[in-house]
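Asks: Following this message is one structure expressed as structure tokens.
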Amino acid sequence: MDRRQFFVKVSGFAAGAAGTAAWLHARPANGSKMVKIVEFSNTGERTGVVTVEKVVKTNEEWRKQLTHEQFEITRRAGTERPFTGKYAETHDRGLYRCICCANALFLSDTKFESGTGWPSFYQPIAKENVINKLDTSFGTRTEVLCAKCDAHLGHVFDDGPRPTGLRYCMNSAALDFVKF
Ligand SMILES: [Zn+2]
């Protein structure tokens, strides 16, 4: 192999590698993340585990979709004043979905009277459907987010009733109630 042949071989390889790199970059690179959640029908039946693309929107898009209060709470981690939310006193049978993305979050069977003025549940409808995140803004608390769209829902505390001992303290404004 003389120098010229060698050069052709090397440059041919380089072109091939560059072509592969170009192909890799041609694939969607929008940073979309997949998330595994459990889906439920509007009558509360578990219909299966699905892997879906995480719902990502700009603040401008969320503002168009939500009321001012819903936006402040779900997208900016606000808290509604106690006893003002529309579901604090709700006792009907049904399912609570995320106001932002309709992900199923809580069943009425697990709702209890906490006396706090916020709708309270002792467990989520499926552990996959919520995310717990450390929140150190006022002492140490555990923030609860929607797993599908990262909406702020409220906080979870360990002073709840049996069987879990947990109290999911939610904002009504983050929820959408579907009556059975
Ligand atoms: Zn959501």
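The values are calculated or read from the model by the stated rules, or taken from the named source; none is laboratory data. Predicted, not measured: the structure shown is a model, and the values here were computed from it. We place every Cβ from the backbone using ideal geometry, glycine too, and count neighbours over all the protein chains shown. These area figures cover heavy atoms from the full protein model, side chains too; ligands, DNA and RNA do not enter into them. Shrake-Rupley method; radii C 1.70, N 1.55, O 1.52, S 1.80 Å.
Asks: Of these, 163, 124, which one is surrounded by 15 or more Cβ atoms within 10 Å (Cβ to Cβ) and either more than 16 Å from residue 91 (Cα to Cα) or among the aliphatic types (A, V, I, L, M) (or both)?
Replies: Of the residues listed, the single one that is surrounded by 15 or more Cβ atoms within 10 Å (Cβ to Cβ) and either more than 16 Å from residue 91 (Cα to Cα) or among the aliphatic types (A, V, I, L, M) (or both) is 124.
Asks: So is residue 88 in contact with a Leu (Cβ under 8 Å, 6 or more places away or on another chain) and among the hydrophobic types (A, V, I, L, M, F, W, C) or not?
Replies: Here the answer is no, as residue 88 does not meet what is asked.
Asks: Ok, one more. Which condition from (1) more than 12 Å from the ligand (Cβ to nearest atom); (2) surrounded by fewer than 16 Cβ atoms within 10 Å (Cβ to Cβ) is the one that residue 88 breaks?
Replies: So residue 88 meets the others, but not (2).
Asks: For the structure I just gave you, tell me whether residue 27 is charged (D, E, K, R) and either modelled with pLDDT under 95 or within 16 Å of the ligand (Cβ to nearest atom) (or both).
Replies: Answer is yes for this residue.
Asks: Just to be sure I understand, how many residues within region 74-85 are more than 11 Å from the ligand (Cβ to nearest atom) and open to solvent by less than 90 Å² (accessible area, probe 1.4 Å)?
Replies: Total meeting the criteria: 7.
Asks: Given the conditions (1) more than 16 Å from the ligand (Cβ to nearest atom); (2) outside any strand (DSSP E or B), report the number of the one that residue 155 does not fulfil.
Replies: With (1) more than 16 Å from the ligand (Cβ to nearest atom); (2) outside any strand (DSSP E or B) applied to residue 155, the lone miss is (2).
Asks: With the condition kept exactly as written, say whether any residue in region 97-109 is modelled with pLDDT of 95 or more, away from the ligand (no atom under 16 Å from the Cβ) and among the polar types (S, T, N, Q).
Replies: Yes, that holds for at least one residue.
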